[in-house]
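Have a look at the structure below before the remarks.
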Amino acid sequence: MTLPDGSKNLAFLQIYQWSTRPANFLNSNKRFGDIFTANFPGNTINVFISSPEALEKIFSAPPGTFYSSENYEILKPLVGQKSSMLLDGKTHQRRRKLLMPPFHGDRIQVYGKFISEETKRVMQNIKIGKDFNITQCIKEITLEVILQIVFGLNEGKNLNQARKKLQGMLDFIFSPFFPLHLLVPSLQKDLGSWSTWGRFLRIRSELDQILYAEIERRRQSSPQLERTDILSLLMAAHDEEGNLLSQQELRDEMMTLFVAGQHTVEVATLWALYWIHTTPRVLKQLQKEFIGIDDLTDTSAISQLSYLNATCQETLRFYPAITTAAARIVKTPFKMMGYEFPVGTFLYPSIYSAHHRAEVYPEPEEFRPERFLERQFSPYEYLPFGGGNRRCIGYAFAEYQIKLILATIISKYQLQLSDNRPIYPVRSGPGLGPSRDIWMTVITKSENWQRSLERM
């Protein structure tokens with residue numbers, strides 16, 4: 001059996017680099033071209049692919065070609081065993097159909113006003129000329145979206161408890177080194193609250209108590225005014241046979257949305273703010289586009305802001321929401337790119353590498369939103385949320401949040417970076433986050449810079 005070439009470094013060193021600095025791992029393997037084999041601990045064959053033609057073949061393969069859910073087994077401690085991530089085949093399709101409505105169409109606009117107002121609330125106390133931590137601001141905004149729009153917690157003791165526990169979970173699981181505990185099962189030992197895994201288990205247990213109590217409270221409560229939060233919508237959703245989601249299924253889908261959604265929006269928004277404010281022409285073009293826009297929460301108005309859309313697309317090209325799509329595990333021998341992969345091979349669609357192909361994106365290390373105004377890329381060239389039937393179900397909602405938060409901040413404040421130390425990408429959940437917090441300074445507020453732009 002002939003496999004693609006790859007690094008000869010020790011397996012532990014490769015998995016360590018992949019777990020902590022995935023961009024470095026993928027960049028260091030560029031010399032092998034569009035396909036390479038990684039040497040990870042264990043007996044599995046791990047192959048990374050980045051050519052659009054190969055990605056199309058993987059994502060459009062007939063049913064029964066691959067397993068996908070087995071790749072998510074490592075996430076079971078986070079999302080639970082009933083999560084849609086861990087389903088395959090028709091069961092997975094039915095669950096996705098059930099989950100889809102709250103994240104698409106007119107439903108999204110219902111959430112726009114809250115996102116905009118929450119962004120204004122967090123930013124309103126920031127003083128002109130004083131440095132502030134924009135990372136903490138964005139973290140607070142996105143967490144409140146999860147609490148109120150997704151979980152439907154908007155008052156009382158449960159809200160405060162959930163806020164504290166969710167933030168603790170975020171800080172913990174999205175640290176650069178936590179993925180090692182998921183990838184190396186031998187590290188998953190409860191040695192008490194002082195140990196990494198022990199602390200994680202205790203935070204998870206406390207959060208579960210809050211979620212299960214909230215689900216039960218709503219099921220036992222008398223009918224009330226229609227709620228629009230995602231948890232309530234999922235509690236009311238039923239399949240073709242009239243079956244509702246169980247308590248565990250609801251809990252696991254809530255944790256899936258939390259793990260996959262909140263952090264994605266937070267990280268992408270931070271990268272966007274960083275790139276916008278290191279590229280003056282981009283900032284100026286965005287500011288011009290926002291002049292005269294009265295209602296930024298209108299989805300149709302947002303969608304017509306072509307440069308804002310292009311800026312978000314370029315941000316997600318540079319550092320996509322996930323560095324690789326979920327591995328496709330070969331179920332029957334699979335031929336591709338001159339190789340025949342045996343049953344059990346893990347095929348990783350490398351999104352980061354696909355987004356940095358110079359033949360598709362000239363000067364790929366330059367932040368240039370204009371490339372998305374000049375041409376339209378195929379779903380196998382640009383796929384920041386994955387592809388095929390495993391693409392992130394909440395991608396439209398995530399993109400809307402990113403655009404709305406950016407538009408609200410940039411239309412109200414003239415900002416500049418206040419810390420010029422280098423920032424590089426590190427592992428942060430499934431994607432790449434900034435290596436440190438980002439600090440900014442408010443130069444002036446909207447009325448002043450808008451008048452100056454109008455005179456130009």
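Worth pointing out:
- For segment 336-354, the set of residues classified as closer than 16 Å to Pro52 by Cα and more than 26 Å from the chain's Cα centre (by Cα) consists of Met336, Met337, Gly338, listed by residue number.
Condition check ((1) of a type in the set (Val, Ile, Thr); (2) under 30 Å from Thr44 (Cβ atoms)) across all residues:
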site	(1), (2)
Ser193	no, no
Phe200	no, yes
Leu211	no, no
Glu216	no, no
Arg227	no, no
Asn243	no, no
Thr269	yes, no
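- Residue match in segment 155-166 (condition: within 18 Å of Met255 (Cα to Cα), touching a Lys or Arg at 6+ places or on another chain (Cβ under 9 Å) and at pLDDT below 80): yes
- Test: residue in segment 317-324 that is of a type in the set (Lys, Arg) and surrounded by 22 or more Cβ atoms within 10 Å (Cβ to Cβ): yes
- Residue within segment 337-349 that is surrounded by fewer than 12 Cβ atoms within 10 Å (Cβ to Cβ) and in contact with a helix residue (DSSP H, G or I) (Cβ under 8 Å, 6 or more places away or on another chain) present: no
- Scanning segment 19-33 for residues that are in contact with a Pro (Cβ under 9 Å, 6 or more places away or on another chain) and touching a residue at least 24 places away in the same chain (Cβ under 8 Å) returns Ser19, Thr20, Arg21, Pro22, Ala23, Phe32.
- Residue count for segment 299-342 under the criterion of being assigned to a loop (DSSP other than H, G, I, E, B) and under 18 Å from Gly387 (Cα atoms): the result is 8.
- Among the conditions (1) within 25 Å of Ile393 (Cβ to Cβ); (2) without any contact (Cβ under 8 Å) to a residue 12 or more places away in the chain; (3) part of a helix (DSSP H, G or I), Arg281 misses just one, which is (1).
- Contact map, segment 113-128: first residue more than 18 Å from Thr269 (Cβ to Cβ), second residue outside any helix (DSSP H, G or I) and of a type in the set (A, V, I, L, M, F, W, C), Cβ cut-off under 9 Å, separation 6 or more or different chains; pairs are Lys127/Val442; Ile128/Val442; Ile128/Ile443.
- Checking Glu381 against (1) under 21 Å from the mean Cα position of the chain (by Cα); (2) among the acidic types (Asp, Glu); (3) over 30 Å from Pro102 (Cα atoms), the condition it does not meet: (3)
- Criterion: among the hydrophobic types (A, V, I, L, M, F, W, C) and either within 16 Å of Cys392 (Cα to Cα) or under 20 Å from the mean Cα position of the chain (by Cα) (or both) - qualifying residue of Phe66, Phe151, Phe132: Phe151
- Restricting attention to segment 15-30 and to residues that are polar (S, T, N, Q) and in contact with a helix residue (DSSP H, G or I) (Cβ under 7 Å, 6 or more places away or on another chain), the residue that is modelled with the highest pLDDT turns out to be Asn24.
To keep it simple, each residue is scored yes or no on (1) more than 24 Å from Gly433 (Cα to Cα); (2) outside any loop (DSSP other than H, G, I, E, B); (3) of a type in the set (A, V, I, L, M, F, W, C).
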| residue | (1), (2), (3) |
| --- | --- |
| Gln161 | yes, yes, no |
| Leu166 | no, yes, yes |
| Leu180 | no, yes, yes |
| Ser193 | yes, no, no |
| Gly198 | yes, yes, no |
| Glu206 | yes, yes, no |
| Gln209 | yes, yes, no |
| Ser232 | yes, yes, no |
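- Flag for Arg219 being surrounded by 16 or more Cβ atoms within 10 Å (Cβ to Cβ) and part of a helix (DSSP H, G or I): no
- Among (1) over 16 Å from Gly388 (Cα atoms); (2) at pLDDT 90 or above - the single one Glu53 does not satisfy: (1)
The values are calculated or read from the model by the stated rules, or taken from the named source; none is laboratory data. Keep in mind that what you see is a predicted model, and the values were worked out from it rather than measured. Note that each Cβ is placed from the backbone with ideal geometry, even for glycine, and that neighbours are counted across all protein chains shown.
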